[in-house]
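Structure, as C-alpha cells:
The values are calculated or read from the model by the stated rules, or taken from the named source; none is laboratory data. Values in this document were obtained by computation on a predicted structure and should not be read as measured data. As a convention, Cβ positions derive from the backbone with ideal geometry for all residues, glycine included, and neighbour counts pool all protein chains shown.
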C-alpha cells in the first residue's frame, strides 16, 4: 500500500481557491470592496503580524458570517463542480490520475475550506482533509470548527485519519512553507513539482 498527499492551492491549482471562491460567491465589486476594507488585516498578514489562520478567519468572517449554511453549501458545491476545473493545473491532474491508476490512496490536504473542495474531490475520487467552517443554528459563525489545516496541522490531521505505518511508501506534493511539515513525513517529496 502506498499513500499520496497533495496540497491543493498552488500545487494542484494555478491560484488560491479561497480568493477565487470569494470572488465567485460575492461578485467582483463586493470582492474588491471587501479586500479594500480588509487591507489593514491583509497588510498585517503580509508582514507577519498576523498568522495565516487569523487572517483567513477574519476574511471568511467579513464575507460570510451570518449566511445560511445550506445556501452557502449550495454556492460552494456549484463552485466546486463547475468552476474549480478552470484553475487546475493539467499536469497535476495527470499526476493524480497516475497515482490512482497505480492503486495509491490519494488524499488532498488543504488549508482551504472543505465546503468548496468536497465536490471536486468526490468528482475526482480523492479523499479530503481540509479546514472546516463552524455553523450554529444553520448560520455560519465566521469561525473555523477545526484548526486551520496549515503547517504542522496538516501532519496532525493526516495522522488522525491514517496510520502511516500501514503504508510502505508515502508521497507528498506541496508548493509553500505551509506544506513543509507534510513534505517532511514523506519518503518521496515533490516541492513545486508542477511549476
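Scanning the range 82-126 for residues being in contact with a strand residue (DSSP E or B) (Cβ under 8 Å, 6 or more places away or on another chain) and buried (at least 16 other Cβ atoms within 10 Å of the Cβ) gives a total of 23. Taken together, the criteria exclude residue 146 from residues that are within 19 Å of residue 100 (Cβ to Cβ) and surrounded by fewer than 18 Cβ atoms within 10 Å (Cβ to Cβ). Note on the range 22-49: residues that are under 21 Å from residue 177 (Cβ atoms) and either assigned to a helix (DSSP H, G or I) or under 19 Å from the mean Cα position of the chain (by Cα) (or both) total 6.
When you scan the range 127-141, do you find a residue that is buried (at least 18 other Cβ atoms within 10 Å of the Cβ), in contact with a strand residue (DSSP E or B) (Cβ under 6 Å, 6 or more places away or on another chain) and assigned to a helix (DSSP H, G or I), even just one? Within the range 127-141, not a single residue is buried (at least 18 other Cβ atoms within 10 Å of the Cβ), in contact with a strand residue (DSSP E or B) (Cβ under 6 Å, 6 or more places away or on another chain) and assigned to a helix (DSSP H, G or I).
Answer with yes or no whether residue 62 is crowded, with 17+ Cβ neighbours inside 10 Å, modelled with pLDDT of 95 or more, under 21 Å from the mean Cα position of the chain (by Cα) and farther than 22 Å from residue 151 by Cα. So residue 62 fails the test. Considering each of 180, 147 in turn, give the residue that is more than 23 Å from residue 15 (Cβ to Cβ), touching a residue at least 24 places away in the same chain (Cβ under 8 Å), out of contact with any strand residue (DSSP E or B) (no Cβ under 7 Å at 6 or more places or on another chain) and not in a strand (DSSP E or B). Of 180, 147, the one residue that is more than 23 Å from residue 15 (Cβ to Cβ), touching a residue at least 24 places away in the same chain (Cβ under 8 Å), out of contact with any strand residue (DSSP E or B) (no Cβ under 7 Å at 6 or more places or on another chain) and not in a strand (DSSP E or B) is 147. Scanning the range 180-195 for residues that are buried (at least 18 other Cβ atoms within 10 Å of the Cβ), closer than 11 Å to residue 7 by Cα and touching a helix residue (DSSP H, G or I) at 6+ places or on another chain (Cβ under 7 Å) turns up just one, 182. Please verify whether the range 160-170 includes one or more residues that are out of contact with any helix residue (DSSP H, G or I) (no Cβ under 7 Å at 6 or more places or on another chain), modelled with pLDDT of 95 or more, surrounded by fewer than 16 Cβ atoms within 10 Å (Cβ to Cβ) and in a strand (DSSP E or B). Yes, because at least one residue in the range 160-170 is out of contact with any helix residue (DSSP H, G or I) (no Cβ under 7 Å at 6 or more places or on another chain), modelled with pLDDT of 95 or more, surrounded by fewer than 16 Cβ atoms within 10 Å (Cβ to Cβ) and in a strand (DSSP E or B). When 30, 77 are checked against the criterion of being touching a helix residue (DSSP H, G or I) at 6+ places or on another chain (Cβ under 9 Å), modelled with pLDDT of 95 or more and over 29 Å from residue 123 (Cα atoms), a single residue qualifies: 30. Scanning the range 52-93 for residues being part of a helix (DSSP H, G or I) and either closer than 14 Å to residue 25 by Cα or touching a residue at least 40 places away in the same chain (Cβ under 8 Å) (or both) gives a total of 29. Checked against the criterion of being exposed (fewer than 13 other Cβ atoms within 10 Å of the Cβ), out of contact with any strand residue (DSSP E or B) (no Cβ under 8 Å at 6 or more places or on another chain) and either assigned to a helix (DSSP H, G or I) or modelled with pLDDT under 95 (or both), the range 10-21 has at least one qualifying residue.
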